[in-house]
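Down below is the structure, laid out as structure tokens.
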Amino acid sequence: MAKEPTFETPKLKEYPVIPLIQEGAMQHIKPFVAKAEFQERLGFPGELVEGWKDVALNRMGELLSQYRSVQVFLDACVKCGACTDKCHYYLGTADPKNMPVARQDLLRNVYRRYFTLAGKYFPKLVGAVDLTEEVLEDWYRYYHQCSECRRCSVYCPYGIDTAEITMAGREILDSVGIGQKYSNEIIGKVYKIGNNLGLPEPALADTLEGLEEEVKADTGVDVRFPLDQEGAEILLVTPSADFFAEPHVDGLIGYAKVFHQAGISWTLSSYASEAANFALFIGNYENMEKVARRIRDAALKLGVKRIVTGECGHAWRVAYSFWNTLIGPFDFLDANYPQPQHICEFTHSLMKQGVLKFNKAANDHRIVTFHDSCNIARASRMGDKPGGQFVIPREIIKACCNHFYDMAPETIHEHTFCCGGGGGLLTDDLIELRVKGALPRMEALKHVVDEHGVTHLVAICAICKSQFAKVMPYYGFDRDMVISVHQLVGDALDMATTH
């Protein structure tokens with residue numbers, strides 16, 4: 001039997017409470033190290049290499065040259081303190097190395113020692129340190145206590161992006177043979193099978209047939225879940241959790257109902273059955289390109305005109321912010337539509353055109369609030385206006401639901417708190433970190449539960465949904481509170497007519 005967690009769940013209080021520093025509070029936490037087979041599949045050494053120090057410093061030098069932003073971020077910090085209390089992991093753990101500035105310093109201090117004149121000759125004066133095995137251990141420990149959510153960058157007067165420093169730290173670790181098991185194993189599954197969960201084509205086809213039967217039994221309508229259908233209008237790429245896990249699968253059912261109601265042909269791809277791209281989390285451009293290229297290849301093979309991505313935060317960030325340079329141009333797709341397009345953009349446009357009709361009363365048993373997912377809120381956008389990533393999901397929810405309440409303004413939109421499980425940390429070997437990192441969001445949720453009787457937390461990110469379903473019971477909330485935007489859509493959609 002699995003051991004019960006030995007840590008204490010933080011008490012929910014009025015937010016935000018800045019904790020007193022507890023030196024080394026999370027020193028005992030680190031994820032499992034990737035086995036050699038997972039490392040090598042991604043092009044990394046299988047174990048700590050000989051001469052690892054030189055390899056690490058060479059890779060750091062390459063990153064500083066390749067990404068000018070990394071050097072600017074390492075040089076620009078003036079230790080003003082604006083970011084110290086902005087990290088959900090610091091607020092939940094009180095470990096000072098989870099302050100964004102301190103987490104940056106793990107890399108910055110080594111950078112100063114080997115890449116600045118002052119650090120080479122007067123290291124103690126500038127806080128420079130030698131790269132030792134102890135330092136490498138701290139990198140592995142604390143760069144996997146960052147979800148790359150970028151909340152700290154919103155408050156930094158210099159715009160320093162801790163996520164980029166975290167990604168650089170992780171890539172250096174991979175380059176010397178110390179990779180994280182969870183992320184690297186998942187990337188390898190995409191190369192081997194096509195999705196994060198290792199779901200082969202026959203199992204995927206059976207799952208989709210089962211969903212067709214379920215929707216038919218529930219609605220009396222023949223809603224199709226096509227797979228590898230050449231000549232379809234739209235290729236849908238969605239997180240593989242949508243194929244079977246609760247509450248994700250109800251979102252996939254919602255997508256299918258929207259496509260059906262609009263009369264638009266669509267398909268999934270067994271070759272590229274995954275929207276997520278965990279190579280973003282490890283900061284490796286080559287693997288990120290390799291994962292994304294499967295989607296381009298599938299779109300070309302199937303002859304689609306549009307690509308729509310499902311509800312996944314970092315999948316949308318990669319698609320919106322990176323696809324054009326990673327796997328573009330998309331001149332083979334229909335230029336009359338955004339390429340790519342988020343499923344919420346797609347549904348919202350149909351809603352505005354009057355194609356979709358909703359019975360809001362179908363969701364009257366729910367009083368909902370909305371969680372802005374980090375990679376959508378702070379690293380991408382939706383629609384043709386700034387801030388569309390905040391407006392569009394809320395307009396969809398309000399069109400489908402009579403009872404909606406936002407959480408406190410300092411905890412939503414670009415100020416949103418991370419779910420606590422992003423950035424490749426959604427693994428049970430980090431459950432203590434995940435529970436404690438969820439504290440600020442749970443406090444904001446408790447406020448609207450107490451004030452407005454909120455019964456459901458709506459999210460548009462597969463990682464957020466999985467994380468909340470796992471950690472909410474620690475705080476006394478029911479895991480079934482978490483639902484997809486498109487579950488609300490699917491439940492409220494009037495299926496009487498089809499366009």
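The values are calculated or read from the model by the stated rules, or taken from the named source; none is laboratory data. What you see is a predicted model, and the numbers here were worked out from it, not measured in a lab. Neighbour counts are summed over all protein chains in view; Cβ atoms, including those assigned to glycine, are modelled from backbone coordinates with ideal geometry.
A few notes on this one:
- When GLY177 is tested against (1) small (Gly, Ala, Ser); (2) free of Cβ contacts under 8 Å to residues at least 24 places away in the same chain; (3) assigned to a loop (DSSP other than H, G, I, E, B), exactly one condition is not met: (2).
- In segment 163-198, the residues that are at pLDDT below 95 and farther than 17 Å from LEU426 by Cβ: TYR191, LYS192, ILE193, GLY194
- So LEU208, is it more than 30 Å from PRO45 (Cβ to Cβ) and either among the aliphatic types (A, V, I, L, M) or not in a helix (DSSP H, G or I) (or both): yes
- If you check LYS385, LYS446, LYS465 for being under 24 Å from GLU345 (Cβ atoms), out of contact with any Phe, Trp or Tyr (no Cβ under 7 Å at 6 or more places or on another chain) and crowded, with 18+ Cβ neighbours inside 10 Å, only one passes: LYS465.
- Taking helices (runs of 4 or more DSSP H) as the structural unit, those lying wholly within segment 257-369 and holding at least 1 residues that are assigned by TED's automatic domain parsing to the domain that holds PRO386, of a type in the set (S, T, N, Q) and farther than 19 Å from GLY424 by Cα correspond to 313-326, 343-352.
- Flag if LYS181 is in contact with a Pro (Cβ under 7 Å, 6 or more places away or on another chain), among the charged types (D, E, K, R), within 30 Å of VAL33 (Cα to Cα) and surrounded by 15 or more Cβ atoms within 10 Å (Cβ to Cβ): yes
- Among the residues examined, VAL435 does not qualify as touching a strand residue (DSSP E or B) at 6+ places or on another chain (Cβ under 9 Å) and at pLDDT 95 or above.
- Test: residue in segment 475-486 that is within 21 Å of VAL258 (Cβ to Cβ), at pLDDT 95 or above, hydroxyl-bearing (Ser, Thr, Tyr) and out of contact with any Ser or Thr (no Cβ under 8 Å at 6 or more places or on another chain): yes
- Here ASP54 clears all of (1) at pLDDT 95 or above; (2) out of contact with any helix residue (DSSP H, G or I) (no Cβ under 7 Å at 6 or more places or on another chain); (3) in a loop (DSSP other than H, G, I, E, B) except the condition numbered (3).
- When PHE38 is tested against (1) buried (at least 19 other Cβ atoms within 10 Å of the Cβ); (2) at pLDDT 95 or above; (3) assigned to a helix (DSSP H, G or I), only condition (2) is not met.
- Residues located in segment 84-128, provided they are without any contact (Cβ under 8 Å) to a residue 60 or more places away in the chain, among the hydrophobic types (A, V, I, L, M, F, W, C) and crowded, with 18+ Cβ neighbours inside 10 Å: MET99, VAL101, ALA102, VAL110, ALA128
- When restricted to residues that are surrounded by 15 or more Cβ atoms within 10 Å (Cβ to Cβ) and either within 10 Å of VAL176 (Cβ to Cβ) or modelled with pLDDT under 95 (or both), segment 58-68 contains 2.
- One residue stands out among those in segment 438-479 that are of a type in the set (Gly, Ala, Ser) and outside any strand (DSSP E or B): the one that is farthest from LEU197 (Cα to Cα), which is GLY453.
- The sole residue among PRO31, PRO45 that is touching a strand residue (DSSP E or B) at 6+ places or on another chain (Cβ under 7 Å), in contact (Cβ under 8 Å) with a residue 24 or more places away in the chain and assigned to a loop (DSSP other than H, G, I, E, B) is PRO31.
- For segment 194-214, the set of residues classified as farther than 12 Å from SER273 by Cα and in contact with a helix residue (DSSP H, G or I) (Cβ under 6 Å, 6 or more places away or on another chain) consists of THR207 only.
- Any hit, segment 111-124, residues being closer than 25 Å to PRO31 by Cα, assigned to a helix (DSSP H, G or I) and either out of contact with any Phe, Trp or Tyr (no Cβ under 8 Å at 6 or more places or on another chain) or modelled with pLDDT of 95 or more (or both): yes
- Residue in segment 74-84 that is over 26 Å from GLN22 (Cβ atoms) and within 26 Å of the chain's Cα centre (by Cα) present: yes
- From LEU131, LEU136, residue being surrounded by fewer than 24 Cβ atoms within 10 Å (Cβ to Cβ) and either assigned to a loop (DSSP other than H, G, I, E, B) or at positive phi (or both): LEU131
- When we screen GLU214, GLU171 for residues that are surrounded by fewer than 16 Cβ atoms within 10 Å (Cβ to Cβ), among the acidic types (Asp, Glu) and either in a helix (DSSP H, G or I) or touching a residue at least 60 places away in the same chain (Cβ under 8 Å) (or both), the only hit is GLU214.
- Residue count, segment 388-417 (criterion: touching a strand residue (DSSP E or B) at 6+ places or on another chain (Cβ under 8 Å), surrounded by 17 or more Cβ atoms within 10 Å (Cβ to Cβ) and among the aromatic types (Phe, Trp, Tyr)): 1
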